[in-house]
Each structure stands twice: as structure tokens, then as C-alpha cells.
Amino acid sequence: MTRLLILGSANIDHVMNFDFLPESGQTLMSRDYRLEYGGKGANQAVASARLAQPGTRVDFICHVGDDVAGQQLCNAWLSDGIHPDGVHQIAKTSTGNAMIFIDKNGENMIGVSPGANATLTPDALLRHQPLIEAADWLLVQLETPVLSVLNALKLAKYQGCSTILNPAPARTISKELFQLVDIITPNETEAEAITGIEVTDSASAKLAAQMMHQLGLKTVIITLGKQGAYVSSEEFCGLLPGCEVDAIDTVAAGDTFNGALMVALSEGYTIDAAVKFAHRAAAIAVTRAGAQRSIPYRHELAIAPSAP
């Protein structure tokens, strides 16, 4: 049985829709408001669970509050088939919250209050060591304490686990952490934060990828929104176009891509085939409103749009 593990954040998302995103100092009236289940880690865990083949075990290491929101998240993840062993409700702590603004083109701005996510410290991580030791693949982001992410990657690599870092949100990352990562999946903004190179197209993505290789990263996948993803690895180098769809909400697109990528790679897909699989999953997600509720199931990929 293949075991997939995600370590990361879980939030309740407060979502507002606008015709356009506000500028600094500007107040806008939203067209509507809704609550969603989100957080990069949780979104990626849900994507992994929904897209994996039967028999694959998906675990999620995260902290939520001892509030109603935390219990609602736990119940939802159970219904998606995520094992509960790594999920802990922290006493006298609120579940993480995110404020999300979305414009009419599906672009978004996000602010996060970490809540219980901040309690996933290196000491707290020790209780989850058996899950990390048993994993075949580990997917991490940067919405939980970075030292915990580093320690999880160290333990995973010691056990021979394959590792993926989605370096979001953009922040300073140590070279030590990079050397524990097999695959990194930044978007344009995150790639620029790592390399200092403004990434706008395939040519600039290639330069950024080359610099990331110099930091010790073996496989670099830079997501470029509508353009697709630039892949730089020993197996494949080049731009893989995305699927052409009418996007209405891009909130969970990157998380869907990352979860799908791990699933495909764990099933033996080549790197280019895995990215195409992930493109199809993300293409469905952006045509739906919401974060976790927009993420497709495996059977839906059979009728998903293909790249041009």
C-alpha cells in the first residue's frame, strides 16, 4: 500500500467576491460572502485523497482548534478518506482563518491568521514521527512553522521518502531545507522570491530553474498560471501548457496541482505525464467556486479538458 503524507495548514476561509480587487486604502462592497474549508495543507490533502487510486493511504499532519470549526474540518476530511491519526485539536486555541478576496476574473488576494497552525512546533511534531517514518511521499508547504517543516523533511529523507516542497507563501528558505527536497513547485512569485529573477514566461522560468538547481534542487516545476508549468529535471525540460478553461475561482488551483502531482508520481507516472495529470485536475478546480469543494475526484479526470 502506497502511503502519501501531507504536513501543513488548515483554515476556515472567509471569501468575498468583487468586480475588481481593492487597492491600498480602498474600501469595496462585496457581491457575496461565504465560508469555505481551506488552508494549503488541507487543500492538498483533500486533492490527494480524492485523486488517489483505491488502496492508497493518505495522512495529514495538522493542528486545528478545539472549536466548532475544527471539528467540522475533521469530519469533512474523514468523509474524503483522509486518515485522522495526524490531525489534532489544540485546547483553548482557535482554528486558523483566512480572508480571501476574489475578482470577476478569478484572481485572488489572501490574508491568513494562523491560529492552531502556529502550534505545530518541532516538539509537537515528535508525536507524528511514526507517520513520517511510514510515508512513501511527503508534501509540505510553508504555512506552518518552518523549523517543523525542516525537521519533517530530515526525518523523511532519512527513511528514504520522496519529498515535495510547495514553497508557499513566499518566504526566506534555508539552503539546508532545499537540500532535503526532491521536487520544488513554486509559482512565479515564489520563484522570484527564491532566485531574484522575475518570472514571466518560459525563458525566465528556465533561468530561475537553473539557479534553483544550483541550490541543490533536483527537479523544479514552476507553475505559470494560464501558460502552464515549466519543468526542469533530468527526465524532462520544457514548458508544458496548461488546459484552456474559463476560470471563475483560482483559490485552490495550486493546491490541487500539488496534490495531483504527488498522486501521479506515486503511481509511477513520468514527470511530464504527472504534470499533465495535475494540469487536468487544476483545470477542473478553477471552473468551480470554493477551495476544497472545487477539488475534483479521480473519475472526473476522464472527462477533464486536455492541454492544447
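The values are calculated or read from the model by the stated rules, or taken from the named source; none is laboratory data. In this text the structure is predicted, and so the values were computed from the model without any measurement. As a convention, Cβ positions derive from the backbone with ideal geometry for all residues, glycine included, and neighbour counts pool all protein chains shown. Surface areas here come from the heavy atoms of the whole protein model, side chains and all, with no ligands, DNA or RNA. Shrake-Rupley method; radii C 1.70, N 1.55, O 1.52, S 1.80 Å.
Quick rundown of the values:
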item	result
Scope the stretch 51-66; condition under 16 Å from the mean Cα position of the chain (by Cα) and either among the small types (Gly, Ala, Ser) or surrounded by fewer than 24 Cβ atoms within 10 Å (Cβ to Cβ) (or both); matching residues	52
Single residue of 76, 69, 45 found to be among the aliphatic types (A, V, I, L, M) and within 14 Å of the chain's Cα centre (by Cα)	45
Among the residues listed as 49, 45, the single one being more than 16 Å from residue 120 (Cβ to Cβ) and part of a helix (DSSP H, G or I)	49
Selected residue [closer than 29 Å to residue 16 by Cβ and touching a residue at least 60 places away in the same chain (Cβ under 8 Å)] from 200, 250, 287, 223	250
Qualifying residues in the stretch 80-112 (those that are under 20 Å from the mean Cα position of the chain (by Cα) and of a type in the set (Gly, Ala, Ser)) - the one surrounded by the fewest Cβ atoms within 10 Å (Cβ to Cβ)	111
Residue 55 more than 14 Å from residue 259 (Cβ to Cβ), assigned to a loop (DSSP other than H, G, I, E, B), among the small types (Gly, Ala, Ser) and modelled with pLDDT under 90	no
Number of the condition not met by residue 72 [criteria: (1) over 23 Å from residue 296 (Cα atoms); (2) in a helix (DSSP H, G or I); (3) open to solvent by 50 Å² or more (accessible area, probe 1.4 Å)]	(1)
Members of the stretch 143-167 found to be crowded, with 21+ Cβ neighbours inside 10 Å and either aliphatic (A, V, I, L, M) or out of contact with any helix residue (DSSP H, G or I) (no Cβ under 7 Å at 6 or more places or on another chain) (or both), listed by number	149, 152, 153, 156, 164, 165
Lone unmet requirement of (1) modelled with pLDDT under 95; (2) part of a strand (DSSP E or B); (3) open to solvent by less than 40 Å² (accessible area, probe 1.4 Å) for residue 5	(1)
Members of the stretch 23-40 that are touching a residue at least 60 places away in the same chain (Cβ under 8 Å) and of a type in the set (Phe, Trp, Tyr)	37
